[in-house]
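Following: one structure in structure tokens, then a few remarks.
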Ligand SMILES: CC(C)(COP(=O)(O)OP(=O)(O)OC[C@H]1O[C@@H](n2cnc3c(N)ncnc32)[C@H](O)[C@@H]1OP(=O)(O)O)[C@@H](O)C(=O)NCCC(=O)NCCS
């Protein structure tokens with residue numbers, strides 16, 4: 001049988017990160033599979049990017065982006081293995097195989113205890129709860145990676161992202177350097193969210 005991407009393992013990840021190959025159920029009953037991104041996801045990531053609308057790309061990258069930036073999957077896969085970063089992909093499994101429906105990335109910032117997240121969900125699946133699942137996953141992972149604050153930069157008119165952030169207890173502050181953007185953030189503490197990690 002052809003190996004499925006769902007079963008790709010990344011042996012260099014610490015044991016608790018490997019546990020993150022897990023299912024999450026959306027409010028409509030759809031089962032998602034979440035796991036760290038790996039370099040073998042290149043094709044899936046390319047397809048995923050191709051299914052994003054211009055507006056979604058603009059909201060995610062805060063500017064016009066026509067194609068998946070060269071090398072980005074390799075860089076993201078490296079982040080996925082980094083002890084201070086996380087990159088999680090949400091898959092749907094169906095008769096024709098698997099498809100990536102969304103992804104979330106978490107990286108450190110210049111302030112050692114603060115990390116920054118970014119999320120993307122393919123347009124056809126927006127509004128079904130995937131953004132919330134992914135952001136909760138980032139919030140759950142961040143304390144174990146050594147962070148006590150998580151934040152994200154969001155265009156001020158990105159109502160969906162602001163709704164997701166509020167759902168997970170984030171606050172919204174002005175962005176000092178950009179009047180068109182805001183910062184969504186919340187504090188974290190060791191062990192935060194661990195109870196929710198069972199599949
Ligand atoms: C932002 C994004 C990740 C959210 O993902 P999602 O899967 O659609 O999010 P969810 O389904 O979990 O929740 C969406 C929430 O936004 C709300 N929402 C959507 N569009 C909205 C709008 N125009 N006005 C107000 N609320 C809106 C939905 O009602 C829902 O809230 P609810 O659960 O209270 O009903 C997704 O829309 C996306 O990928 N956008 C493009 C990239 C982007 O903006 N990334 C964020 C930059 S970090």
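What follows draws every value from the coordinates through simple rules; no lab data is involved. Values in this document were obtained by computation on a predicted structure and should not be read as measured data. Using ideal geometry, Cβ is built from the backbone for each residue, glycine included, and neighbour counts are taken over all protein chains shown.
Calculate, in nm to one decimal, what residue 54 and residue 166 gain on full extension: separation in residues at 0.36 nm each, minus their alpha carbon distance.
Working: separation 112, 0.36 × 112 = 40.32 nm, distance 2.48 nm.
Roughly 37.8 nm would be gained on extension.
Result for the chain in a Gaussian network model with C-alpha springs under 10 Å: among 44, 152, 97, the largest mean-square fluctuation is at 97.
Label segment 55-121 by shape, choosing from rounded, prolate and oblate, from the square roots a ≥ b ≥ c of the eigenvalues of the Cα gyration tensor; if a/c is under 1.5 it is rounded, and otherwise prolate applies when a/b is larger than b/c, oblate when it is not. Don't skip to the answer; put the middle values down first.
Numbers: a/c = 1.96, a/b = 1.34, b/c = 1.46.
Oblate, because a/c is 1.5 or more while a/b does not exceed b/c.
For the peptides 131-142, 85-96, the ranking by packing is 131-142, 85-96, with the highest mean count of neighbouring Cβ atoms within 10 Å listed first.
In terms of Cα atoms, the Rg and Dmax of the chain work out to 16.0, 54 Å.
Is the shape of segment 25-71 best called rounded, prolate or oblate, per the rule: a/c under 1.5 gives rounded, else a/b larger than b/c gives prolate, else oblate, with a ≥ b ≥ c the square roots of the Cα gyration tensor eigenvalues? Judged from the Cα gyration tensor, segment 25-71 comes out oblate (a/c at least 1.5, b/c at or above a/b).
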